[in-house]
There are 2 protein chains.
Amino acid sequence: MEDILLNRRSIRKYSNKHISQETLDYILQAGVRSSNCGNMQLYSIVVTRDTGKKKELSKFHFNQPMVENCDVVVTVCVDVNRFNHWCRINNADESLNNFLFFNVATIDATICSQAIATAAESKGLGICYLGTVTYMAKDISKFLDLPKGVVPISTITIGYIDENPPLTERLPLSSVVHYEKYNDYSDEDIKKMYKEIEDNPVNKGYVKENHKDNLAQVFTSVRYSKKDNEAFSKTYESFVEENFLNK
Amino acid sequence: MEDILLNRRSIRKYSNKHISQETLDYILQAGVRSSNCGNMQLYSIVVTRDTGKKKELSKFHFNQPMVENCDVVVTVCVDVNRFNHWCRINNADESLNNFLFFNVATIDATICSQAIATAAESKGLGICYLGTVTYMAKDISKFLDLPKGVVPISTITIGYIDENPPLTERLPLSSVVHYEKYNDYSDEDIKKMYKEIEDNPVNKGYVKENHKDNLAQVFTSVRYSKKDNEAFSKTYESFVEENFLNK
């Protein structure tokens, strides 16, 4: 178990081996058994398994090959549609379409996702989260037929492992953990904690090939540019407002 | 491992036994090794261990006794303060203070939280998530000295187990999992899937003692009333706007 949690890597290459329905049910059940707010279960899980559908879905994930090549794609969604429906037929208030519960349900959908990820990894499978789900939430919703009150939050590709990537770097544990109070960072602290990451030859390569001064600039002007972030943010916010917040 | 994920219960009563620093480091490291967007690690973990501080913190969690009685309280926060600081000293754009990245970082902080929860459970410890962290985000931020760009997302109490609660109910797996497309529910579907939960004698007791017609009304007029939800939502939204979105 320690090995599963400490030595995990995101896996993007999968073999053709099929995940049995029994294993998939166990993985999904692990998601559902995890904690959630008031036991309201404000999430739904959409499974994409059909070869043709995975191919279509991959378009919305910027054609990342793992969507088509994995065995199962799981999209976990915030879902107040089901709970609201239960309230409606019971003459009870519908009270969840607000900013607070969008966040509460996002947290619950993510807890469920991560339990799914760990359950899959505990069965010897590899997983990869796809951040593109947030960028392309509107198109993915349409593709999966999601009704109002349902917003895709996380997408995970799952399959048997066919690569052996190295462990990715992380900041030192002491840099992200604070005891009792948040200890804000000095410039020196920041320089020190990022040093190993900046000195990594792979990262130095990115700086060079993108003609930037340093790694931070690669992040914010190539990989996650302000212009792109703001454009995707606007699209995502409008979609959440229309589809969830009833604004 | 199956047992850990499928038979877990939230634990609210803890023994006095102390969690060693080695075990705590393993648990936190498991959080940090989990997936995150672009390896930007947009989260911080604040650990509350001091007895006096746990007592003070419990006030903000509506005096729920597990905050004072657990061994360790972990508050996982969205954190763009550290990454922005790195960008600032590297003459790179600060591009994360928007709605998109509030959500992306919320997802990453929650993935980290759930890896922490599972790591703790795998060591024989019990955990409980506290939803009050969202309701009281502003006060908790002040108490933990969180700077701008840092928002508490999830709070977990951790300790050695001193109770044996039953497994809580869940909707049938088939009711929350959809294959290929979202299958919207008919009134009959909803009635059928909630029947077991509604028939549970404990839930019937709640309906009776609250003088309501049914369980849905207990949820939306007693436990999570529209009035309360909307008030907490307004407070939370203003806090996120001021402290993260720079609106």
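The values are calculated or read from the model by the stated rules, or taken from the named source; none is laboratory data. These numbers were taken from a predicted model, which means no experiment stands behind them. Cβ coordinates were reconstructed from backbone atoms using ideal geometry, including for glycine residues, and neighbour counts include every protein chain displayed.
A few comments on the model shown:
Yes/no per residue for (1) under 23 Å from A:Tyr160 (Cβ atoms); (2) more than 9 Å from chain B (Cβ to nearest Cβ):
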| residue | (1), (2) |
| --- | --- |
| A:Val46 | yes, no |
| A:Leu57 | yes, yes |
| A:Phe60 | no, yes |
| A:His85 | no, no |
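Let's see how each residue does on (1) farther than 22 Å from A:Glu237 by Cα; (2) out of contact with any Phe, Trp or Tyr (no Cβ under 7 Å at 6 or more places or on another chain):
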site: A:Phe62; (1), (2): no, yes
site: A:Pro65; (1), (2): yes, yes
site: A:Glu68; (1), (2): yes, yes
site: A:Val73; (1), (2): yes, yes
site: A:Asn91; (1), (2): yes, yes
site: A:Asn97; (1), (2): no, no
site: A:Phe102; (1), (2): no, no
site: A:Thr106; (1), (2): no, yes
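- Failed criterion for A:Lys204 (all others in (1) part of a helix (DSSP H, G or I); (2) on the phi > 0 side of the Ramachandran plot hold): (2)
- Members of the range B:1-31 found to be within 20 Å of B:Pro152 (Cα to Cα), within 7 Å of another protein chain (Cβ to nearest Cβ) and in contact with a strand residue (DSSP E or B) (Cβ under 7 Å, 6 or more places away or on another chain), listed by number: B:Leu28
- Scanning the range A:3-24 for residues that are hydroxyl-bearing (Ser, Thr, Tyr) and in contact (Cβ under 8 Å) with a residue 60 or more places away in the chain yields A:Ser10, A:Tyr14, A:Ser15, A:Thr23.
- One residue alone among B:Lys181, B:Lys195 is free of Cβ contacts under 8 Å to residues at least 60 places away in the same chain and more than 7 Å from chain A (Cβ to nearest Cβ), and that residue is B:Lys195.
- Residue check for B:Leu173: surrounded by fewer than 20 Cβ atoms within 10 Å (Cβ to Cβ), at pLDDT 95 or above and closer than 18 Å to A:Thr110 by Cα: yes
- Restricting the search to helices (runs of 4 or more DSSP H) fully inside the range B:104-182 and requiring at least 2 residues that are over 28 Å from A:Arg49 (Cβ atoms) and polar (S, T, N, Q) gives B:132-135.
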